Amino acid sequence: MIRLYIDADSLPARQLEIVLRRIIRKGYEAWFVADRSVPAVLRAIEEDKRIRRAAFRDTLTREEARKIGSGIEMVVVESGADSADDRIAEIAIAPALAITHDIPLSERLIRKGLTVIDDRGNTLTKENIRERMSERDNNARFREMGLFDNKSKRFDERTIRDFSAAFDKAINSLENASGIL
């Protein structure tokens, strides 16, 4: 079974749509973690339950079918620095895919053996995470000195395509490794 852990606090809406469509279509297990409920995830949970139940419409009673839940979970944590990150790191089990923009969380998940991509379609690995941590730390120092602005590059259509391609590649790799076709 393919498992996904999503840092829902920082995932932009377009990327969230891509992830939710694939999860529902393929029946993956997914944990969306944030300090608030994400309405799109709550709607996806209901759609996922409806689809899973429909497969048993002719074989189960209505009461039995209602016991079938979703493979998607919305985990709401208390607000606070790194509370969502800590929860993801706590519940994540490899092999799985994690999606986060947070570099320190990425490092923790990579150490646990997870595949990690960010919201721009970059795959983070044992080989490149130290460099990304160093860039993050240097940028923080520059911002503190007033030498670097906090503006991020916009999410244009190319960024969305890059994310979608990286997501598909990571999922396909996990499916191939686990023998899922």
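The values are calculated or read from the model by the stated rules, or taken from the named source; none is laboratory data. Just so it is clear, the structure is predicted and the values come from calculations on it, not from any experiment. For neighbour counting, all protein chains shown are included, and Cβ atoms are generated from backbone atoms with ideal geometry for every residue, glycine included.
Test Ile88 against the criterion of being in contact (Cβ under 8 Å) with a residue 24 or more places away in the chain, crowded, with 20+ Cβ neighbours inside 10 Å and closer than 17 Å to Leu174 by Cα, and give yes or no. Considered against the rule, which asks whether it is in contact (Cβ under 8 Å) with a residue 24 or more places away in the chain, crowded, with 20+ Cβ neighbours inside 10 Å and closer than 17 Å to Leu174 by Cα, Ile88 comes out as no. How about the stretch 60-82: which of its residues are at positive phi and either touching a residue at least 40 places away in the same chain (Cβ under 8 Å) or within 14 Å of the chain's Cα centre (by Cα) (or both)? Once the filter is applied, which keeps residues that are at positive phi and either touching a residue at least 40 places away in the same chain (Cβ under 8 Å) or within 14 Å of the chain's Cα centre (by Cα) (or both), the stretch 60-82 yields only Gly80. Scanning the stretch 60-68 finds one or more residues that are out of contact with any strand residue (DSSP E or B) (no Cβ under 7 Å at 6 or more places or on another chain) and polar (S, T, N, Q). Scanning the stretch 31-55 for residues that are assigned to a helix (DSSP H, G or I) and either among the aliphatic types (A, V, I, L, M) or free of Cβ contacts under 8 Å to residues at least 12 places away in the same chain (or both) yields Pro39, Ala40, Val41, Leu42, Arg43, Ala44, Ile45, Arg50, Ile51, Ala54. Taken across the stretch 56-72, residues that are β-branched (Val, Ile, Thr), within 22 Å of Asp9 (Cβ to Cβ), in a helix (DSSP H, G or I) and modelled with pLDDT of 95 or more do not occur at all.
Within the stretch 83-106, being over 14 Å from the mean Cα position of the chain (by Cα) and under 21 Å from Gln15 (Cβ atoms) holds for one residue alone: Pro104. Answer yes or no: is there a residue in the stretch 104-126 that is among the small types (Gly, Ala, Ser), surrounded by 15 or more Cβ atoms within 10 Å (Cβ to Cβ), in contact with a Lys or Arg (Cβ under 7 Å, 6 or more places away or on another chain) and not in a helix (DSSP H, G or I). No, every residue in the stretch 104-126 fails to be among the small types (Gly, Ala, Ser), surrounded by 15 or more Cβ atoms within 10 Å (Cβ to Cβ), in contact with a Lys or Arg (Cβ under 7 Å, 6 or more places away or on another chain) and not in a helix (DSSP H, G or I). Suppose the filter is out of contact with any Cys (no Cβ under 9 Å at 6 or more places or on another chain), charged (D, E, K, R) and within 29 Å of Ala165 (Cβ to Cβ); does Lys67 pass it? Considered against the rule, which asks whether it is out of contact with any Cys (no Cβ under 9 Å at 6 or more places or on another chain), charged (D, E, K, R) and within 29 Å of Ala165 (Cβ to Cβ), Lys67 comes out as no.
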